[in-house]
Amino acid sequence: MTNPVDIQIPAHLLPSDGRFGCGPSKVRPAQMEALAKVTTSFLGTSHRQATVKNVVGEVRSGLASFFNLPDGYEVLLGNGGATAFWDIATFGLIETKSQHLSFGEFSSKFASAAKQAPWLADPEVLKAEPGSRSYAVANDEIDLYAFTHNETSTGVSMAIERPAGATGLVAVDATSGAGGLAVDPSQFDCYYFAPQKCFASDGGLWLALVSPAAVERIERIAASDRFIPAFFDLKTALDNSRLDQTYNTPALATLYLLNEQVKWMNEQGGLEWATSRTDRSAEILYSWANEAGFARPFVEHPEDRSHVVATIDFDDHIDAAAIAKVLRANGILDTEPYRKLGRNQLRVAMFPAIDPEDIAVLCGAINHVVGALEG
Ligand SMILES: *Cc1c(COP(=O)(O)O)cnc(C)c1O
């Protein structure tokens, strides 16, 4: 049998950029070139001064315009990434009891954070098997519905809609979906994400688009006698965000790269353009998988198949891990599946920064590798 790492992929089957990981994900070279231009004027300067605050302000207004936020919605940010935001939400956004759609690794983590918080009632957790999704059920006891726009661990996405008859807030972990999947802001109260996925920046930051109802909730809980550590205090984040600042020092390069990506996406045509691009990538990749003969989409129902993260299962006689290894040796990176899913699978990000042409070339490269491994 051929030693996988010796397989050479011909040049015409190599994408222009080999980064297909789900986060950190492809940063466009133009973002880095822009950052290099402010090496001595922006990097290494105070985050309490106008130079940095203006960039934060541009990120906030750029996102408001990208998502077409209605009046009264605000853009908040802070340190710690999406994972920190789960704890922040248990302290400052859930009043008593939450309902969680748990259908993969990330959605289950917020559910367990809420379950572990002794000041909250036990959450209602509606589970679904990996590769499928669960559906919210409105209930007057629930004051926050926790959704996940795109379950990055399985490649399942869900449309964001308020459950019929629900009175609670709708909070969405949109970390890998925000910027690449369509969303109507009237359907959520808090849409939060980290910028290392569709927004092509680096990790460590969280952003949250919040409705007036969410702001009211944040203020009410902050005024109650609940103990909230300062780092997890959403009211503190709200106050700082309104001043284009963060509570403690942010990563300036991350903010700059994020702003460059938001500006680029707005210039290209905003969310509508971004989703048309991810739709095209998804069409290319899933069509290829359906027709390959040796592979198929892992997610059974086409309407659940994510347009930003594709998961592709391979026939047992083909070792997907070997494919990923050959791809990696040829500079095509991070196509390995989510570790804990334990499937004979490849996972491919189709974020807006990733050129649909490169997705098409990648499909050809996989065909080539499978042929070489079989031969
Ligand atoms: C990546 C990801 C996270 C974790 O983000 P961090 O910034 O690493 O905390 C959470 N939720 C989803 C859906 C993700 O894709």
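Here, each number is a calculation from the coordinates, and none is a lab measurement. Note that the coordinates shown come from a computational prediction; the quantities given were computed from them, not determined experimentally. Methodologically, a virtual Cβ is constructed for each residue, glycine included, from the backbone with ideal geometry; neighbour enumeration extends over all protein chains shown.
The alpha carbon centroids of the stretch 32-103 and the stretch 223-239 are separated by 17 Å. Measuring max minus min along each principal axis, the C-alpha atoms of the chain give extents of 68, 52, 32 Å (largest first).
Here the extension length gained between E374 and N54 equals 109.7 nm, from 0.36 nm per residue of separation less the Cα-Cα distance.
For K109, a cut-off of 24 angstrom between C-alpha atoms picks up these lysines, skipping any fewer than 8 places away in its own chain: K97, K127, K197, K235, K340. Karplus-derived 3J(HN,Hα) values for the stretch 299-305, using 6.51 cos²θ - 1.76 cosθ + 1.60 with θ = phi - 60°, are 7, 5, 8, x, 6, 8, 6 Hz; glycine and proline are entered as x. Here the relative contact order of the chain, from alpha carbon pairs under 8 Å that lie six or more residues apart, stands at 25 percent. With R₀ set to 45 Å, the beta-carbon distance separating M32 from E141 gives a calculated FRET efficiency near 0.40.
If R0 equals 22 Å, the separation of the Cβ atoms of Q187 and H301 corresponds to a calculated FRET efficiency of about 0.60.
Per Stokes-Einstein, at 4 °C and 1.567 mPa s, what whole-number D in µm² s⁻¹ belongs to the stretch 44-268, with the Kirkwood radius over Cα pairs as the hydrodynamic radius? Rounded, D is 74 µm²/s. If a spin label sat at a point 7 angstrom from the Cα of A329 along the line to its beta carbon, the backbone N atoms of the stretch 1-20 nearer than 16 Å would be those of 1-11. Largest mean-square fluctuation among R280, R28, R48, in a Gaussian network model of the chain whose springs join Cα atoms under 10 Å apart, belongs to R48.
Each residue of the stretch 127-134 is assigned a 3J(HN,Hα), and the resulting list reads 9, 9, 5, x, x, 10, 9, 9 Hz, derived from the Karplus form 6.51 cos²θ - 1.76 cosθ + 1.60 (θ = phi - 60°), x at Gly and Pro.
Only residues of the stretch 137-171 count here: report those whose backbone N is under 13 Å from the spot 7 Å along Cα→Cβ of T96, or say none. Under cut-off, by backbone N: 140-144, 168. Between A64 and A230, the simple spin-label model (points 7 angstrom out along Cα→Cβ) gives 2.8 nm. Once the chain from D319 to T45 is taken as fully extended at 0.36 nm per residue, the excess over their C-alpha distance is 93.7 nm. Using the Cβ atoms and a cut-off under 14 Å, what net charge is assigned to the surroundings of L234, where Lys and Arg are +1 and Asp and Glu are -1? Once all neighbours under 14 Å are counted, the net charge is -3. Each Lys or Arg adds one and each Asp or Glu takes one away; over the other residues whose Cβ falls under 10 Å from the Cβ of L258, this sums to -2.
Taking a Cβ cut-off of under 15 Å around G165, the surrounding Lys, Arg, Asp and Glu residues balance to a net charge of -3, with basic ones at +1 and acidic ones at -1. For the stretch 360-375, backbone phi angles converted through the Karplus equation (6.51, -1.76, 1.60; θ = phi - 60°) give residue-by-residue couplings of 4, 5, 4, 4, x, 5, 5, 3, 4, 5, 4, x, 5, 5, 6, x Hz, Gly and Pro being listed as x. In straight-distance terms, cross-link reach from K325 covers every one of the aspartates and glutamates whose alpha-carbon lies under 20 Å from its own, apart from those fewer than eight places away in the same chain; here that gives D6, D17, D313, D315, D316, D334, E336, D358, E374. On the basis of the beta-carbon distance and an R0 of 35 Å, R339 and V5 show a calculated FRET efficiency of 0.95. Available extension along the chain between L243 and E272 is 7.5 nm, counting 0.36 nm per residue and deducting the alpha carbon span.
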